[in-house]
Structure formats: C-alpha cells, structure tokens
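Worksheet: one structure, shown below.
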Amino acid sequence: MHLTEKNQRDSFVLELVDKMLKGSVRALGKLITLIEDECPGSLEALKKVYYHTKDAYVVGLTGAPGTGKSTLVDRMAVEIKRQGFKVGIIAIDPSSPFTGGAFLGDRVRMMSSSNENDIYIRSMGTRGSLGGLSEATASTVKILDAFGKDFVLIETAGTGQAEVDVIKETDTTVVVCVPGLGDEIQTMKAGVMEIGDIFVVNKADLQDADRLAGDIETMLHMAYGSKEWIPPIIKTIATEGTGVVTLIEEILNHREYLIKSGLLKSKRIRRIKQEIMEIAKNKIIDKINNSANGANQVSDELLNEIMLREKDPYTAAEEIIGNFTEVFQKSHL
Ligand SMILES: Nc1nc2c(ncn2[C@@H]2O[C@H](COP(=O)(O)OP(=O)(O)O)[C@@H](O)[C@H]2O)c(=O)[nH]1
Ligand SMILES: [Mg+2]
C-alpha cells in the first residue's frame, strides 16, 4: 500500500476518534463498527482512544436465555443514570450475526433506557474475527470509556467459551437465575458459580424464588466459607424494577471492596498483560497467514511430502517461521 493511501485512511479514522471524543454518538457507533470489523486503521484509532480512557467500571451479567437479563440491564442503566453516572450497554447476542440490525434495532427501541438519549446501547454478534469476541468487546469498552461512560454493562447469554471469556474480564460479574429452570443449580456447579460476585434471583414474582435463593446460599456457603467477599443474593422482579436499587447498591459495594483490597488494580494489571500478549500473538498470526509462505499457502506438495514421511510437520512449521521472519524483518508490523 502507498504511504499516502495509508495516511489518508488513518487520518479519516483519527478524525472519527476526534468527533467521538467531542461527543458525537454517530461517530461513536461508526468507530465501534470499524473496530468490530477490524477495518484498516482500527489499530491507529485504538491507540489514540486508549489515552482518553479513565477506567470505566465494567459489570457483566450472565445467565441462561430468558432469565430476564435484558430487562434487568435496561432497568439498571436507568437507575445508574439516576444516580448521576454515565452508562453504556453492550449486549452480546449470539443470534445477531444473522438477524442483523433490524430485529435488534426494534428490540433496542423497546427498552426504556433507549429513550434516555445519553444511555448508549450496542449489540454485538458472537461472530469471531481474528481477535475474537473478547478482544472486540474489550475494544468497545475502551471506546465507551473514552466517550465518557462511568459504567459499562455487558449482557451475555453465557453459553459458549467466548462468552465466558468476556465475562471473566469484567470487574463485577452478576449471575442471573430464575426459579423453575430445573437443574439450573447443576449448571451453576459446572462453572458459573465461581465467577459470580453477585447472584440475582430474577422473576421473584414466580413460585419457588425463595427456595432457589436458599439453594444458592447453601452452595455459596460451601464454596466461599472463608472468603472475604461472600456474594450477596438479591431477589428482583425486573419487569417492575423491584430490587434494582439494591442490586446497584451491591455492585457499588463490590467495587468498594475491590478498590480497598487492591484487587481492582491487580485485576486490571493482569488484564493489560493478557491484552498485550493477545494483540502481539494475533499480529504474528496475521503476519504468518498473510506472508507468501504462510499457513494459507501450505502447498499440496508440502502436505504430500509430510504424508509420505519425506518431511515432518515440525520442520515444515520451522520453515514457515523462517520465511516469516525474513518478511518480518523487511517490513514493519
Ligand atoms: N414474570 C416475570 N417475567 C420477567 C421478569 N423479568 C423479565 N421477564 C420476562 O422474561 C422474558 C425474557 O426477558 P429478557 O430480558 O429478554 O431475558 P434475557 O434473554 O435473559 O435477556 C420477557 O418476556 C420478560 O418480560 C420478572 O421479573 N418476572
Ligand atoms: Mg437478552
């Protein structure tokens, strides 16, 4: 690519960043799309965005589909705003790559928080770009942070590994359960239990909400016996907004706990370290894939040689890396 072409492209993206920083919601949306699609120039944008971030607090909500996460997030956003904070929502929706914007747009319009013009709601699909969902989400969080959000709420169905990775990166994780989902406690045993900082029993208007809360308490007692932070269990009726104030209170309590214990800082340091390694790794993989002798160009001839035991896969990999190193030295990343 010609240098001028790259410069033009980068200056377009950087202008978008400037507009976003000045408060343009349109530029904010465009920028997130650009980064989600890994368009050229997104890296330059993210570099600039980083210097404007202020450690927005990230809350993740996870739970089976239909437990009322969207309804709850909506209510939470309105309450957080009422308390004087700026809030953004990221809804990770596995169905969105195919249903596209229209359906989600309608649903978003139905939410009461979307009428509040300064609550920003963004849906993201689980389609995996190179960096994957967690990197795309992390970038979106940074953009929302730089835009001025104090809180970012992330809703995810918490089914696939990619979604669990996202939820692991949040500051406070809220696990949403509902009565009547049968062996839900069983699925919690299988991993969600450890990641929950706060448990919500939503649909507390239904039967058996107290029993579910009791079951969770018993389990937590066994798991958290001696820990400093024992996850609170909060009953909510999201459709009516009942329990939402208490939930926000507990989120703020958890934040206080993380700050005072130094855990928030260590969490974030660990996250930055992981992120740097992830970015470096993806860049190298990208480079190998695009290099003349990269993974996409493993020839049939080479594969045949390996099948015939004329060569081994280890030597073949070393050769790819050798060629790649040459390319690597000739150009910059
Ligand atoms: N009875 C009752 N229904 C609820 C409550 N919260 C949400 N719902 C309903 O549960 C359904 C699923 O809600 P949604 O927020 O889309 O769940 P999500 O899939 O977890 O995001 C909707 O029909 C909601 O109106 C609640 O507290 N009580
Ligand atoms: Mg939902």
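The values are calculated or read from the model by the stated rules, or taken from the named source; none is laboratory data. These figures come from a predicted structure and were not determined experimentally. Every residue, glycine among them, receives a Cβ derived from its backbone with ideal geometry; neighbour counts consider all protein chains shown.
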Worksheet entry | Count of residues meeting criterion [away from ligand 2 (no atom under 16 Å from the Cβ) and under 23 Å from ARG271 (Cβ atoms)] in the stretch 35-81 | 21
Practice prompt. Spot the failing condition for ILE143; the list is (1) at pLDDT 80 or above; (2) of a type in the set (Val, Ile, Thr); (3) under 15 Å from ALA91 (Cβ atoms); (4) not in a strand (DSSP E or B), and only one is missed.
Written response: (3)
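In the stretch 44-85, how many residues are outside any helix (DSSP H, G or I), within 14 Å of LYS142 (Cα to Cα) and away from ligand 1 (no atom under 16 Å from the Cβ)?
Number satisfying all stated conditions: 8.
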Practice prompt. Identify all residues within the stretch 146-166 that are part of a helix (DSSP H, G or I), in contact (Cβ under 8 Å) with a residue 24 or more places away in the chain and either assigned by TED's automatic domain parsing to the domain that holds ILE35 or surrounded by fewer than 23 Cβ atoms within 10 Å (Cβ to Cβ) (or both); write none if there are none.
Written response: ALA146, ALA162, GLU163, VAL164, ASP165
Worksheet item: If you scan the stretch 29-38, which residues turn out to be surrounded by 15 or more Cβ atoms within 10 Å (Cβ to Cβ) and either in the same structural domain as GLY148 (by TED's automatic domain parsing) or out of contact with any helix residue (DSSP H, G or I) (no Cβ under 7 Å at 6 or more places or on another chain) (or both)?
Response: GLU38
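Let's see how each residue does on (1) modelled with pLDDT under 90; (2) within 25 Å of VAL201 (Cβ to Cβ):
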position: ASP18; (1), (2): no, no
position: LEU28; (1), (2): no, no
position: PRO40; (1), (2): yes, no
position: LEU46; (1), (2): no, no
position: VAL58; (1), (2): no, yes
position: VAL73; (1), (2): no, yes
position: PRO97; (1), (2): yes, no
position: VAL108; (1), (2): yes, no
Practice prompt. Select from the stretch 1-28 the residues that are within 17 Å of HIS52 (Cα to Cα), surrounded by 12 or more Cβ atoms within 10 Å (Cβ to Cβ) and touching a residue at least 24 places away in the same chain (Cβ under 8 Å) and list them in ascending order.
Written response: VAL13, LEU14, LEU16, VAL17, MET20, LEU21, VAL25, LEU28
Worksheet item: When you go through ALA190, ALA238 one by one, which is the residue that is within 16 Å of ligand 1 (Cβ to nearest atom) and either in the same structural domain as ARG75 (by TED's automatic domain parsing) or at pLDDT below 95 (or both)?
Response: ALA238
Worksheet item: Under the condition of being buried (at least 17 other Cβ atoms within 10 Å of the Cβ) and over 12 Å from ILE154 (Cβ atoms), which residue from the stretch 49-63 is farthest from the chain's Cα centre (by Cα)?
Response: VAL49
Discussion item. Conditions first: (1) of a type outside the set (Lys, Arg); (2) free of Cβ contacts under 8 Å to residues at least 60 places away in the same chain; (3) on the phi > 0 side of the Ramachandran plot. GLY63 passes all but one, so which condition is the exception?
Written reply: (2)
